[in-house]
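The values are calculated or read from the model by the stated rules, or taken from the named source; none is laboratory data. Note that the structure is a prediction, hence the values are computed from the model and not measured. All Cβ positions, glycine included, derive from the backbone under ideal geometry; neighbour counts span all protein chains shown. Heads up: the accessible areas ignore ligands, DNA and RNA and are worked out on the full protein's heavy atoms, side chains in. Shrake-Rupley method; radii C 1.70, N 1.55, O 1.52, S 1.80 Å.
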Amino acid sequence: SQNMPSLVSNQATERTLRRLLRAEGYSVSREKGTGKNGADIIAERKSERLFIEVIGHKSNPPVRSRDFYESFFRAVSRLHQGARRCVIAMPSLAARGLPSRARHYGAAWRRIGTAFPELEIWLVDTRCSSYSRSRWNDWIG
């Protein structure tokens with residue numbers, strides 16, 4: 001997916017979110033670089049620790065789906081590191097497809113949210129420099 005055209009790149013999404021989290025008083029891990037293991041962002045404030053996986057929004061729908069599923073597995077794998085908040089951060093453009101994705105998977109989507117109450121989806125608007133937080137099951141209609 002490195003050469004796939006992006007409507008919103010992983011890097012733009014990550015840069016925007018890092019800036020916003022710092023403005024909210026979080027200390028934010030250093031950028032890890034391409035191909036490195038570990039969460040894209042670890043943000044900490046007081047006793048709160050967020051493990052954040054960041055994806056962009058590619059123009060190719062199958063690649064977009066693959067990025068989403070990979071980010072899900074990376075996010076929940078942070079439970080092994082003691083994560084209590086596992087975040088998939090993606091461009092706000094993705095909000096258009098999330099309700100239909102949740103509907104398509106129905107009971108399975110709901111059960112994932114029940115099995116992983118730590119799982120969140122954040123939508124990052126790189127143009128307006130803002131973001132919104134949601135829980136996994138908030139996307140069920």
Checklist entry - If you take the residues of the range 113-135 that are among the β-branched types (Val, Ile, Thr) and under 28 Å from ALA12 (Cα atoms), which of them is farthest from the chain's Cα centre (by Cα)? => result THR126
Checklist outcome for this item: Subset of the range 107-129, residues among the small types (Gly, Ala, Ser), closer than 19 Å to GLY97 by Cα and open to solvent by 20 Å² or more (accessible area, probe 1.4 Å), comes to ALA107, ALA108
Checklist entry - Residues of the range 29-73 being out of contact with any helix residue (DSSP H, G or I) (no Cβ under 7 Å at 6 or more places or on another chain), in a strand (DSSP E or B) and not hydrophobic (A, V, I, L, M, F, W, C), which ones? => result GLU44, ARG45, GLU48, ARG49
Checklist outcome for this item: Flagged pairs (Cβ under 6 angstrom, 6 or more apart or on separate chains; first in the range 84-107, over 14 Å from PHE72 (Cα atoms); second surrounded by 13 or more Cβ atoms within 10 Å (Cβ to Cβ) and of a type in the set (Val, Ile, Thr)) are PRO91/VAL8; PRO91/THR13; PRO91/VAL124; LEU93/VAL8
Checklist entry - Are any of the residues in the range 58-74 at pLDDT 95 or above, open to solvent by 10 Å² or more (accessible area, probe 1.4 Å) and aliphatic (A, V, I, L, M)? => result no
Checklist outcome for this item: Scanning the range 108-141 for residues that are among the hydrophobic types (A, V, I, L, M, F, W, C) and touching a Cys at 6+ places or on another chain (Cβ under 8 Å), the one farthest from ARG22 (Cα to Cα) turns out to be PHE116
Next on the checklist: When the residues of the range 28-54 are narrowed to those that are at pLDDT below 95 and not charged (D, E, K, R), which ends up nearest to CYS86 (Cα to Cα)?
Outcome noted: ALA39
